[in-house]
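Every number here is computed from the coordinates shown, using simple stated rules; none is lab data. Note that this is a predicted model, so its numbers are computed, not measured. Backbone-built Cβ (ideal geometry, glycine too); neighbour counts: all protein chains shown.
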Amino acid sequence: MQDRIFSESMDLLQSPNFFMQKSHGISFSYSPFIIVGIIITIGVLLYLILPLVALILRSSPENLIESLYSPVVIQALTLSLFTTIITTILILVTGTPAAYIQSRVNYPGKNFVDTCIDLPIVLPPAVAGFALLLMFGRMGLLGKYLYLFDITIPFTTTAVIMAQFFVAAPLYIRQAKALFSQQDKIFEEAARTLGAGNLRVFITITLPLTWLGLLSGAIISFARALGEFGATIMFAGNLPGITQTMPLAIYASMQSDFNAAITLSIILILISLIVMLLVRLISGGEEHA
Amino acid sequence: MLECSINKALRDFNLGVSFYCNDGEIIAIRGENGTGKTTIIRMIAGLLEPDSGSVILNKKYLYDFKSGICLPPEKRKVAYLHQRSTVFPHMTVKDNIGYSLVSKRKSSALIQETVVYWMERLNISDLSGIKGRNLSGGQQQRVALARALASEPDILLLDEPFTALDSQTREIVRSCVKEYVYNLKIPCILISHYASDITDMAWRIYDIERGSIIRDIFTFIKESNIS
């Protein structure tokens, strides 16, 4: 969204007839309403971009390269990528069938189930982490039974993945559900009359016709999981090399190793930027497909 | 032979029809828009469940309210040609035509042979490797017909399939359908808005109004047309 506003306002400013714009075929001239709108847009844009600029300016290239090799950064980066990739795979494998069922099968109480699936999107991550702890902790609802079998989940890498899944999966399921609902049913119906069962229809028709959208949903979930902080620190703790992902490492090293915090932040900014560009590229490709 | 007697409550009226179609016969269902023609076809294909009644094809129940039988579409061996193009946009023409044969796990040699035959028959051999989404409307309808006929159906359901075709192609396609139905002795139901399609192809016409059959017209037998 930010980069869209940015590019649109830049287009506007660079245009030769700045005060005689044509927008969607309706011409408008210099009007106070438009000018105020542009000023507000620039203000919002600066507010969104300047803090990131400040972060980047604070570091020097030498410091950046030097702290890239610091154990904190390497550990956090490796752990973050490892857990986030596993989380994304788990989300794809479980979220796709769940979204398909939610979009195609009607049953009583479906709206309620939909709401429950969407709930973690708006739930404060700290609450999500606390809830996971009360479920899987040693004294937790399920955790106390797992503990009997010597299985402890909190404060392990597994807990990191579970926390990420909890907050990121609903984003993917929501997107996939919308895609499956919007998908024209005539191709699936044609495949059914041509002798294909539900599974074959899903694999040969539904998935190939929606995969680009599913991919962009997966990328958004990946980004959300990568940035996960609240639920992770509550449920998995902050143990370097085991549960200390990049956002947690930024928080931990702010006091001790300022350069490492900046380096990690810049890496996350770069990844976020790449994610947004990828999603835009994919949704552009989808429109032209 | 198809024996169909189905009821379904629709939004504006109750659909209740009872008709038959002999093997090797083409019947037409004629009526205004929104009278339930497509609904009837969809219920025979298994894409929509009737409220009551029965659909019997070659003495086998596809649907029977009393005994609770309702076969899914993939078990019915129907070929359903839609008024909109249903050619799979992400597959090549070749893969589209062979789709049903792959579903039935036929050998690749047989699939290849059948696909080539139908592409030649409908004059679309040059489109073999082209993706469905890149075809014109008329080409798509020919591919859809080739795909339907290649599936060796027990019944052919045609829901205004000739709309996008020019007059020359239309003639090729119509004669292809007639020959297929006659040679394979399967029932065929045609919905069309074009009087010329109906008089050229149909042996009997059912006129339908607000979900009920109001007339059953026997046209003259046109065996001379089938050669």
Say we join alpha carbon atoms closer than 10 Å with springs in a Gaussian network model of chain A; which of A:PHE130, A:PHE82, A:PHE33 then has the biggest fluctuation?
A:PHE33
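By how many nm would the segment from A:PHE130 to A:TRP211 grow when fully extended, if each residue of separation counts as 0.36 nm and the alpha-carbon distance is taken off? Write out the running numbers ahead of the final one.
Values: separation 81, 0.36 × 81 = 29.16 nm, distance 3.44 nm.
Using 0.36 nm per residue and subtracting the Cα-Cα distance, I get 25.7 nm.
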Take every residue in peptide B:204-216, count the Cβ atoms of other chains within 10 Å of its Cβ, and give the average of those counts.
0
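Over 21 Å between Cα atoms, which of A:LYS110/B:LYS37; B:LYS77/B:LYS178; B:LYS8/B:LYS37 qualify?
A:LYS110/B:LYS37
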If only Cα atoms are counted, what is the Rg of chain A, and what is its Dmax, in Å?
23.2, 74
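Expected output is a single nm value to one decimal: the length gained when fully extending between A:ILE89 and A:TYR145, i.e. 0.36 nm times separation in residues minus the C-alpha distance. What is it?
On the way: separation 56, 0.36 × 56 = 20.16 nm, distance 2.75 nm.
Value of the extension gain: 17.4 nm.
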Based on the Cα coordinates of the range A:49-184, what is the per residue volume of their convex hull in Å³?
182
Tell me the label-point distance for the pair A:SER70, A:LEU278, using the 7 Å Cα-to-Cβ offset, in nm and rounded to one decimal.
2.7
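Counting DSSP beta bridges in the protein assembly as shown, what percent are antiparallel, to the nearest 5? If you can, show how the numbers build up before the last one.
On the way: 31 of 47 bridges.
Counting only bridges with both partners in the protein assembly as shown, antiparallel ones make up about 65 percent.
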State, in angstrom, two size descriptors of the range B:3-46 derived from its alpha carbons: Rg to one decimal place and Dmax to the nearest whole number.
11.0, 34
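Between A:ASN111 and A:SER31, what length in nm is gained on full extension when 0.36 nm per residue of separation is reduced by their alpha carbon distance? Working shown, then result.
On the way: separation 80, 0.36 × 80 = 28.80 nm, distance 4.64 nm.
Computed gain between A:ASN111 and A:SER31 is 24.2 nm.
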Measuring from a point 7 Å past the Cα of A:ASN198 along Cα-to-C-beta, which residues in the range B:59-96 have an amide N at less than 15 Å?
B:71-75
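Between B:PHE218 and B:TYR117, how high is the FRET efficiency from 1/(1 + (r/R0)^6) when r is the Cβ-Cβ distance and R₀ = 25 Å? Nearest 0.05. Before the final figure, lay out the partial values.
Values: r = 34 Å, r/R0 = 1.37.
The calculated FRET efficiency here is 0.15.
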Computed from the beta carbon distance with a Förster radius of 45 Å, FRET efficiency for A:THR78 and A:ARG104 to the nearest 0.05 stands at 0.70
Using only the Cα atoms of the range B:120-227, each taken as one equal point scatterer with no solvent, compute I(q) by the Debye sum, divide by I(0), and report log10 of the ratio at q = 0.24 Å⁻¹.
-1.50
What span do the alpha-carbon atoms of the range A:91-137 cover on each of the three principal axes, reported in whole Å from largest to smallest?
34, 23, 18
Calculated FRET value between B:ASN183 and B:ARG84, using beta carbons and R₀ = 30 Å, to 0.05
0.60
If you take each beta carbon of peptide B:41-47 and count the beta carbons of other chains within 10 angstrom, what is the mean?
2
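Can you give the convex hull volume per residue for the Cα atoms of the range B:1-124, as a whole number of Å³?
Working: hull volume 18.5 nm³, N = 124.
Dividing the Cα hull volume of the range B:1-124 by its residue count gives 149 Å³.
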Descending semi-axes in whole angstrom, ellipsoid equivalent of the protein assembly as shown, from the Cα gyration tensor:
58, 30, 22
If one computes P(r) from the Cα atoms of the range B:51-169, what percent of pairs lie at distances over 19 Å?
51
Can you list the residues, at least 5 places off or on another chain, whose amide H is less than 5 Å from the amide H of A:GLN244, using H built in the peptide plane?
A:LEU239
Per q in 0.18 1/Å, what log10 I(q)/I(0) does a Debye calculation on the alpha-carbon atoms of the range A:215-289 return?
-0.76
Coordinate range along principal axes, alpha carbons of chain B, Å, largest first:
46, 37, 31
Whole-Hz ³J(HN,Hα) from phi, Karplus 6.51 cos²θ - 1.76 cosθ + 1.60, for the range A:249-265, glycine and proline x:
5, 4, 4, 6, 8, 4, 7, 8, 10, 4, 4, 4, 4, 5, 4, 4, 4
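Output the direction-averaged projected area (hull surface divided by four) of the convex hull of the alpha-carbon atoms of the range A:121-274, in nm². Please report the intermediate quantities before stating the final value.
Values: hull surface 49.0 nm².
Result: a mean projected hull area of 12.2 nm².
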